[in-house]
Amino acid sequence: MRTRLMELAVGAFIVMGIIGLIVMALRVSGLSATDAGDKYTIKAYFENLGGLTERAKVSMSGVTIGRVSKVYLDTEDYVAVVEMEINKSMSTLTLDTSAAILTAGLLGEKYIGLTVGAEDEYLADGDVIEDTQSALVLEELIGQFLFSKAEE
Amino acid sequence: MLKLIDKILDSIQALGNASLGRLQALGRAGVFLLSSLMWGGPGSAGFGDLVKQIYSIGVRSLSIIIVAGFFVGMVLGLQGYTILSDFGSEAALGTMVSLTLLRELGPVVTALLFAGRAGSALTAEIGLMKATEQISAMEMMGVDPLKRIITPRLWAGFISMPILALLFSLVGIWGGAYVGINMLGVDEGAYWGNMQASVEFYDDIIKGLIKSLVFGLVVTWIAVYQGFDSIPTSEGISKATTQTVVVASLAVLGLDFVLTAIMLGSI
């Protein structure tokens with residue numbers, strides 16, 4: 001009886017460890033259990049990312065509909081390329097959807113905000129969003145402000 | 001003049017003697033670890049033994065780890081809130097609490113508690129076995145004490161530590177959430193959302209677990225070695241137990257710096 005209790009306790013201990021790891025993965029690191037099967041990828045070119053990183057949120061009207069999967073520099077045109085995975089359930093993004101890099105709060109993380117347009121056709125896997133708006137960079141804003149002040 | 005030279009020579013000799021002693025102990029400990037692990041997998045001395053050791057090392061440390069984790073998490077919640085609210089970014093509380101726990105406090109505090117709770121018990125147990133000549137009796141019967149006593153304990157520590165550290169961090173994150181959300185009024189969505197946006201499964205959770213695996217091995221190694229190498233008297237065992245806690249704690253803190261430096265890749 002004593003060994004049975006002990007073995008039960010050890011088994012429960014190891015199960016707790018495994019469950020802990022799963023909870024940690026899902027709840028804390030936000031690793032989603034859904035696989036890549038129900039997602040599609042679209043691209044967007046930006047002049048300045050201003051701190052947007054991989055795994056950043058892609059949202060529409062404040063609702064998260066996907067994540068940034070890859071960020072790299074186009075070495076021919078020297079613009080930043082952002083690849084994002086959008087949930088298949090949001091498959092009705094129009095061709096003239098616009099993307100902007102926004103900031104959550106004053107010091108919060110950067111995310112991409114999408115706004116739909118008026119076209120009839122929809123973006124498919126691998127398509128590119130044409131209408132983009134780069135991140136606001138504080139130094140550039142201050143620079144512009146000073147410049148316009150100096151001209152007055 | 002000659003006396004002075006003699007004195008200098010004496011002190012140099014003492015230094016050399018001490019270093020050789022240290023080096024010898026280190027070598028003995030290394031041979032000891034290798035020859036215990038040579039016996040192979042965790043079940044090599046019988047699975048029952050391993051289960052028994054995981055029970056006494058891991059399961060029975062659970063209560064202290066969970067209580068400590070909850071309090072550490074709550075303190076992090078309070079302190080973090082006070083600091084972050086100066087910058088108006090209380091929303092980052094979840095990020096701060098979870099990253100602090102997963103990367104540093106989880107593995108390190110668990111290892112320190114483990115050294116005090118399980119390491120000292122291991123040393124005292126093995127030391128007493130030696131004092132009551134159970135170990136010599138085993139040798140006489142042709143049973144290898146390393147295989148019979150040390151191997152299952154090393155594996156038990158190695159298996160238990162990451163589980164304990166994981167549960168410590170998990171409970172701590174909930175403790176931080178409890179204080180932050182229920183007592184201080186941080187937005188619940190911001191707490192979990194910002195945490196999920198900034199915690200990486202591999203970079204934060206898995207690397208933390210790797211740290212605690214290393215700590216588990218080192219702490220149990222030091223504990224069983226100190227017990228096995230102790231002078232078999234009551235005084236020797238008490239000295240060995242103290243040594244275990246001191247050496248294991250210092251080793252954990254020192255190794256933590258090295259591991260962090262390697263993992264962050266800045267050295």
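The values are calculated or read from the model by the stated rules, or taken from the named source; none is laboratory data. On a predicted model such as this, the values are computed, not experimentally measured, just so you know. Glycine gets a Cβ as well: all are built from the backbone with ideal geometry, and neighbour counts include every protein chain shown. In case anyone asks, the SASA skips ligands and DNA or RNA and just uses the protein heavy atoms, side chains included. Shrake-Rupley method; radii C 1.70, N 1.55, O 1.52, S 1.80 Å.
Restricting to region B:171-189, count the residues that are on the phi < 0 side of the Ramachandran plot, open to solvent by 20 Å² or more (accessible area, probe 1.4 Å) and not aromatic (F, W, Y).
Of the residues in region B:171-189, 8 are on the phi < 0 side of the Ramachandran plot, open to solvent by 20 Å² or more (accessible area, probe 1.4 Å) and not aromatic (F, W, Y).
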When (1) touching a residue at least 24 places away in the same chain (Cβ under 8 Å); (2) within 24 Å of A:I19 (Cα to Cα); (3) in contact with a helix residue (DSSP H, G or I) (Cβ under 6 Å, 6 or more places away or on another chain) are applied to B:I150, the one that fails is (2)
When you go through (1) under 20 Å from A:V58 (Cβ atoms); (2) open to solvent by less than 60 Å² (accessible area, probe 1.4 Å); (3) of a type outside the set (D, E, K, R); (4) free of Cβ contacts under 8 Å to residues at least 12 places away in the same chain one by one for A:T103, which number turns out not to apply? (4)
Restricting attention to region A:107-120, and to residues there that are within 14 Å of chain B (Cβ to nearest Cβ) and under 15 Å from the mean Cα position of the chain (by Cα), which single residue is modelled with the lowest pLDDT? A:G108
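Do the conditions hold for B:L23, that is, is it open to solvent by 100 Å² or more (accessible area, probe 1.4 Å), closer than 30 Å to B:D144 by Cα and of a type in the set (A, V, I, L, M)? Talk me through it step by step, then tell me what you get.
On the way: open to solvent by 100 Å² or more (accessible area, probe 1.4 Å): yes; closer than 30 Å to B:D144 by Cα: yes; of a type in the set (A, V, I, L, M): yes.
Taking the combined requirement at face value, the residue satisfies it.
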Picked from region B:117-170 (must be open to solvent by 10 Å² or more (accessible area, probe 1.4 Å), of a type in the set (V, I, T) and at pLDDT 90 or above), the residue farthest from B:L62 (Cα to Cα) is B:T132
Name the pairs: first residue in region B:210-221 and over 14 Å from B:L33 (Cα atoms), second residue among the basic types (K, R), Cβ to Cβ under 9 Å, at least 6 apart or on different chains? B:K211/B:R103
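With A:E152, A:E139 as the choices, which residue is exposed (fewer than 11 other Cβ atoms within 10 Å of the Cβ) and within 30 Å of B:L84 (Cα to Cα)? First the steps, then the outcome.
Numbers: A:E152 fails: within 30 Å of B:L84 (Cα to Cα).
Sole residue among the options that is exposed (fewer than 11 other Cβ atoms within 10 Å of the Cβ) and within 30 Å of B:L84 (Cα to Cα): A:E139.
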Test set (1) under 17 Å from the mean Cα position of the chain (by Cα); (2) crowded, with 16+ Cβ neighbours inside 10 Å; (3) under 17 Å from A:K43 (Cβ atoms) - A:L123 fails condition number: (1)
Scan the helices (runs of 4 or more DSSP H) fully inside region B:62-136 and keep the ones with 1 or more residues being away from chain A (no Cβ under 14 Å). B:62-86, B:106-114, B:120-131
For region A:126-152, enumerate the residues that are within 18 Å of the chain's Cα centre (by Cα) and of a type in the set (V, I, T). A:V128, A:I129, A:T132
Within region B:190-215, of all residues that are more than 10 Å from chain A (Cβ to nearest Cβ) and among the hydroxyl-bearing types (S, T, Y), the one surrounded by the most Cβ atoms within 10 Å (Cβ to Cβ) is B:S212
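Which of the residues that make up region B:230-242 are free of Cβ contacts under 8 Å to residues at least 60 places away in the same chain and outside any loop (DSSP other than H, G, I, E, B)? Walk me through how you get there before you give the answer.
Step one: filter region B:230-242 for residues free of Cβ contacts under 8 Å to residues at least 60 places away in the same chain, giving B:231, B:235, B:238-239, B:242.
The answer is B:E235, B:S238, B:K239, B:T242.
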Look at A:G62 and say whether it is of a type outside the set (S, T, N, Q) and more than 14 Å from every other protein chain (Cβ to nearest Cβ). no
List every residue pair whose Cβ atoms sit under 8 Å apart, with the two residues 6 or more apart in sequence or on different chains, where the first one lies in region A:2-13 and is within 8 Å of chain B (Cβ to nearest Cβ) and the second, anywhere, is not in a helix (DSSP H, G or I). A:V10/B:G58; A:F13/B:G58
